[in-house]
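Colleague: Just dropping this structure here.
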Amino acid sequence: MRIGILGSGLMGGTLGAIFARAGHEVVFTYARHQAKLKRLAQEVGGSARAGTPRDAAEAADTLLLAVHWRRVDDVLSQAGDLSQKVVITCSLPMNASNSVLVIGHTSSGAEELAKKLPKAKVVCAFNTIPSEALFGVYEARRRVRRPSLVYCGDDHGAKEVTAGLIRDVGFDSVDAGPLRVARYTEPFALLVAQLAYQGRGGPELAYRFERFERN
Ligand SMILES: NC(=O)c1ccc[n+]([C@@H]2O[C@H](COP(=O)([O-])OP(=O)(O)OC[C@H]3O[C@@H](n4cnc5c(N)ncnc54)[C@H](OP(=O)(O)O)[C@@H]3O)[C@@H](O)[C@H]2O)c1
């Protein structure tokens, strides 16, 4: 696939590199310096290249949105028309200091994004894991048991595209349901990040997951 990366930082840079290694044509866009995008594309090699959000929107069928919440409107206005495109968002709706979610419980960043882009096919994925996890997971692809990653969205085709990319990265994909499920996964992502970064002395989280079989 042709994949445009809107925001080439920790998440966009790492995922873009993995997508390219998996054989996709990747355009890295949106960093403070064009030289960084060129360096990323060079390091990845193959058909990866640096471009602008507008280039990505025109050339790619699928876009990864990976910018801070405050930069979403800016990158979208630079990208232009995203009608009919699959837009996978890993952007969490965080405040400026990244300490709290500014949207939660009754909506989510993913749902608000879908309102901004009514003609695009928005899927929420990759935001439930810290970016560091991506480095090792790709290497684990050949292991029998792979970790799972959830995604949600309302468009069936866009979800299939996303599930394929999740598998390319090295996870098993778990369809969590419609886009409104993002209002539950986004707060979960924040808890996971707090656990990962604060370590001892940070919040404690106990979760019990049960598998419910249908009769
Ligand atoms: N990092 C994680 O572990 C993680 C996990 C789950 C979800 N997320 C979410 O994913 C999104 C991206 O996170 P991230 O950690 O990848 O952020 P990041 O490393 O800061 O990347 C953001 C990208 O936006 C670019 N950018 C920032 N300001 C800009 C400006 N004024 N003009 C042009 N480009 C600009 C940055 O440019 P530079 O490259 O020049 O800095 C960078 O390429 C966030 O919404 C975050 O909540 C992150």
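Colleague: Please go through segment 104-129 and pick out each residue that is assigned to a strand (DSSP E or B) and within 25 Å of TYR197 (Cβ to Cβ).
Modeller: CYS124, ALA125
Colleague: Now a separate question. Say we look at segment 23-50 and pick out the residues that are closer than 12 Å to ILE3 by Cα and more than 13 Å from the ligand (Cβ to nearest atom); which of these is surrounded by the fewest Cβ atoms within 10 Å (Cβ to Cβ)?
Modeller: Of everything passing the filter in segment 23-50, GLY23 is surrounded by the fewest Cβ atoms within 10 Å (Cβ to Cβ).
Colleague: Here is a further query. Filter segment 160-215 for residues that are among the polar types (S, T, N, Q) and either loosely packed, with under 10 Cβ neighbours inside 10 Å or outside any helix (DSSP H, G or I) (or both); which is modelled with the lowest pLDDT?
Modeller: Within segment 160-215, the match that is modelled with the lowest pLDDT is ASN215.
The values are calculated or read from the model by the stated rules, or taken from the named source; none is laboratory data. Quick caveat: nothing in here was measured; it's all calculated off a predicted structure. Cβ atoms come from the backbone with ideal geometry, glycine included; neighbour counts cover every protein chain shown.
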